[in-house]
């Protein structure tokens, strides 16, 4: 993995972000406070520093300072990967995706791969998969595969407190995708649609998701997937 070191003190420019003056002032205050916390953070505690960097990047995204957000979040991503903090690495990918830079879609794909491969919070995985649904055309099978994978992850990982709310979310997601994909209007139509697209067997739809992720990332992977698979918990 390669990383790029940046100077976080050079974060001075604002763009036309569409915020009110009050909202912008609040975000700038939050940014200044978080930058100060980062300056005070211990150098020998890389993960807390990376989390502060992600907080900074989120504020910069909100201010419309997308390139600066990208640079900070990318540095945080590599720190999280070195620390094997997979959930934080996924969070970094989400911030990178929302920075709308040339490689933001690749970052989304890498975040999806990490969030499905490693046992992170299912809510985080679902959020990443919803981005795929949002980014794909209405008739895309990729959106269907992402939606059904979200259901699979919730059933596999969600605890009792999460399961009801997350199941409601992903079931609505599947119904929405089916409606826009094939104008499915009722349960009978949904059952036919699931069968037609072979969305009931994870041995079929998970490899299809892998193909979707490969198409999103292309040749821009920042890590070796085979190496990471060897670190999966038993």
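The values are calculated or read from the model by the stated rules, or taken from the named source; none is laboratory data. On a predicted model such as this, the values are computed, not experimentally measured, just so you know. Cβ: placed from backbone, ideal geometry, glycine included. Neighbour counts: every protein chain shown.
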Does the stretch 147-161 contain any residue that is part of a helix (DSSP H, G or I), closer than 28 Å to residue 70 by Cβ and in contact (Cβ under 8 Å) with a residue 60 or more places away in the chain? yes
Conditions: (1) surrounded by 16 or more Cβ atoms within 10 Å (Cβ to Cβ); (2) at pLDDT 95 or above; (3) in contact with a helix residue (DSSP H, G or I) (Cβ under 7 Å, 6 or more places away or on another chain). Residue 136 meets all but one. Number of the miss? (2)
Has the stretch 209-216 got at least one residue that is without any contact (Cβ under 8 Å) to a residue 60 or more places away in the chain and assigned to a loop (DSSP other than H, G, I, E, B)? no
